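Down below is the structure, laid out as structure tokens.
No value in this document is a laboratory result; all are computed from the given coordinates. Please read these numbers as outputs of a predicted model, since none were measured by experiment. All Cβ positions, even for glycine, are placed from backbone atoms using ideal geometry, and neighbour counts span all protein chains on display.
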Amino acid sequence: MEAINTLSTPVDGKKTPKIGVYVCHCGLNIAQTVDCAKVARNALELSGVLMAKDIGYACSEPGQNEIRQDIAENGLDRVVIASCSPRLHEPTFRKMMEAAGLNPFMLEMANLREQCSWVHMHEPDAATDKAFDLVKMAVSRAQRLAPLFPETMPLTKRTLVIGGGVAGIQAALDLADSGYEVVLVEKSPSIGGIMARLDKTFPTMDCSI
Amino acid sequence: MTDVGRHPKIKLHTLSEVVDVKGYVGNFKVKLLKKARYVAENDCTGCGECAKVCPVVRPDEFNLGLSSRRAIYSPFPQAVPAAYMVNIHECLGHNPSVCSKCVDACEKKCINFHMSDEEIIEEVGTIIVATGSTPFDPREMDEYGYTRFENVLTSIEFERLVNAGGPSQGALIRPGDRITPKSVGFIQCVGSRSSNKGGEYCSNVCCMNTIKSTLVIKEHFPDVDVKVFYIDIRAFGKGFEELYRRSRRLGVQYIRGLPGNVEELGNKSLKVAVEDSASHQVKFHELDMLVLAVGIKPTRSNHKLQEMLGLQLTPDGFFLEAHPKLQPVDAATRGIYFAGCAEGPKDIKESVTQGSAASGRAIRLMHKGEITTEPITSEIVEERCKSCGKCAEVCPYNAITVDVKRKTPAVVNSAACAGCGTCAAECPFDAIVMNHFTDGQIIGQVDAMLENAPESKILVFACNWCSYAGADYAGVSRLQYPANVRLIRTMCSGRVDEKFIWEGFEKGAPVVLVSGCHFGDCHYIDANRWTEKRVLKVQKKMEKLGIRPERLQLKWISAAEGAIFADFMQKMEELRQTVSAGEIRDTVRILKNPRREKGDKD
């Protein structure tokens, strides 16, 4: 189920990547269609993969702890998680990477649930082949990932409000009352917009200005 | 309104328009053009002595021409700022001075004919677009006779007429003969919900505005006969239905059916022909006054602003929000928000709510005093850049600047870059690296996928926001499709470089699909327009090279279209089955021919 690959080769002339691959069962969501252990076994043959294993719930607390421990013990520098859609848990696993001291962008996910086990439920063999392909693609991408860092920039604490109708007036007052400077631009000679023309307004039938 | 004028934190520029916007979230530089008022705004006390002596009489815009004003005037009594202004095109002239009576009358010497238009630069971190709307002009619908018949009014004119501060001090009279009408009719949906004239959308406020007007009439003049011609009454808001019932209780007649024709009678009253859709009978109604409940149209200046700020408009002409449910006040461009009718027809309550929401969103961005930029942005490899300017042309956010004349390399403003990757896909010199979606990373995926048995597989490029999400939705819905489909995710379909497609075919892919958001739904404004152009271009090249162009498909699939995704995968599989091993062999041979490279660049 678990093994260490000693045959990893360098990519792009750089230091050999140390990739950890985790094939998530997601309970039975993935495991009832995809042979997760087989996918993990095959993943171990891929270039750059230091370790590969199948795991019950990668996103759970114990799952994340296990991955973090592997990162610490084996010096993994990038991680492939083959589980659900990255649209669901990419933020979760990016946080896990950070907590493990790795750059969050050194993570890649393979979508084995929404785009494999759930849509090929009656073809376990084909789904397992596809799962391996998706892992292989993810590993290939993971080998070429580079750490990225957000930049911070200064900001002007001031807002331009274009239009002095009721919406613009409300926005300007809320901002100004919260302590922010506001520049309110109105093309006509007075603010007020359409509402200034109204007397009674629904539903309360009171005056608008 | 007066709170705005008095607030120490609000700088108010009236008679002003935005003419240019530079910069990006957190650091916008905005150029305003402030037109001359010819009256010192801070000194004028609004005493009105100037207007009393002004000999020029013109229709008053505020009352829609139902009353008059002078060439020097205050727009309306509660105006903010309260200062008077001169309409310089109407003024008799001051150079040489032919009148200047106002100058003599002004004790505080506020009037200055030498004032000129000013250009003002303001630096801001966020922008709220609250440009409002404009009423539909019913002259387009000639069958109602607006402007041909003097007692056909718009709802806004009627509004001024019954306003206590209006031209008749709130008396309900006909503008032509000052007779109090004995019967008033309202026609609903004028310029709304019609595919012929005006907009196809519901203007949201006209039903309730008419109900309110009927109540105003019935409360002051209970004997006036009031009829409302409608398609259906939309009284969906809090307290609205109650108001509608009150109106019916007071005897207002609601007749389901819009008039086909209006004629003027000898006494200037109107004869309205309506098919009552409840009884299917055409009936004629004689009314002393007819009010057209005009719809809400987008402001004409929206187009200019859209270009300056890099925003999107819906086909109706209102501004498009980042997400219709989850980000209803955000623009797709970071740091810009919408409030009020600029985004779509709204009533006062909704406009106020959205104004507050927009300010909240702006504060959320500004309160830290600095902004963190998303690191998935593009980067220029200066040595390779030939300063051709293509990247700047395709960038939906104007985040790239290139000095084409001086041939200096392109510069990406990483704060403005949203990370669609269209620039990297379009760069003819491979001089742009799209971080986290680099050429190497994506080609690596293509190669890994096609290493074994490529002929059996379907290569799909899917954008993160729509198509990839659509595929996820197919999964959530357990829609089954062929298991040989493999997706490669990019943030935007605009990232799908020509060479990714060629790589796929060269490595033996039988079919390739590029999928993205529908036009108008693209999360990077309109980057998917470039996707389409590129795919068409590749298909043409394929044809020239002797490769069947239909092996490359383009399909727009939204995040909600799981079923369409699954169906289309079935179609892709059918298409794949038409591609023989020999055909793939030929394609690989054609594409491996080193001479192709030259043809590839044209």
**Report entry** Partner chain coverage, peptide B:156-168 - average Cβ within 10 angstrom
**Finding:** 2
Query raised in the report: Counting each DSSP H run of 4 or more residues in chain B as -39500 (n - 2.57), what helix-only mean residue ellipticity at 222 nm follows after dividing by all residues, to the nearest 500 deg cm²/dmol?
Result: -8000 deg cm²/dmol
Query - Extension gain, B:Arg245 back to B:Thr401 (0.36 nm per residue minus Cα-Cα distance, nm) - result: 50.2 nm
Query raised in the report: How high is the FRET efficiency between B:Glu286 and B:Val19 when r is their beta carbon distance and R₀ equals 41 Å, given to the nearest 0.05?
Result: 0.20
Query - Segments A:88-98, B:554-564, B:273-283 sorted - mean Cβ within 10 Å per residue, highest first - result: B:554-564, A:88-98, B:273-283
Report task. Ignore the peptide's own chain and count Cβ atoms of other chains within 10 Å of each Cβ in B:368-378; give me the average, rounded. Result -> 4
Requested in this report: For the range A:150-209 and the range B:130-197, compute the distance between their C-alpha centroids and round to whole Å.
Outcome: 28
Query raised in the report: Within the range A:51-209, what percent of beta bridges assigned by DSSP are antiparallel, to the nearest 5?
Result: 15
Query raised in the report: Going down the list B:Lys9/B:Lys212; A:Lys136/B:Lys544; B:Lys197/B:Lys304, which pairs span over 32 Å between their C-alpha atoms?
Result: B:Lys9/B:Lys212; A:Lys136/B:Lys544
Report task. Report the relative contact order of chain B, percent, no decimals, based on alpha-carbon pairs under 8 angstrom and at least 6 residues apart. Result -> 10
Requested in this report: Take A:Lys38, B:Lys407 and order them by how many other Cβ atoms sit within 10 Å, fewest up front.
Outcome: B:Lys407, A:Lys38
Report summary line: What helix-only [θ] at 222 nm does chain A give? Using -39500 (n - 2.57) per DSSP H run of at least 4, over all residues, to the nearest 500, the answer is -10500 deg cm²/dmol
Query raised in the report: What is the distance in Å between the Cα centres of the range B:494-547 and the range B:246-285?
Result: 57
Requested in this report: Provide a whole-number value for the mean count of partner chain Cβ atoms within 10 Å of the Cβ atoms in peptide A:132-141.
Outcome: 6
Query raised in the report: Antiparallel as a % of all DSSP beta bridges within the protein assembly as shown, to the nearest 5?
Result: 45
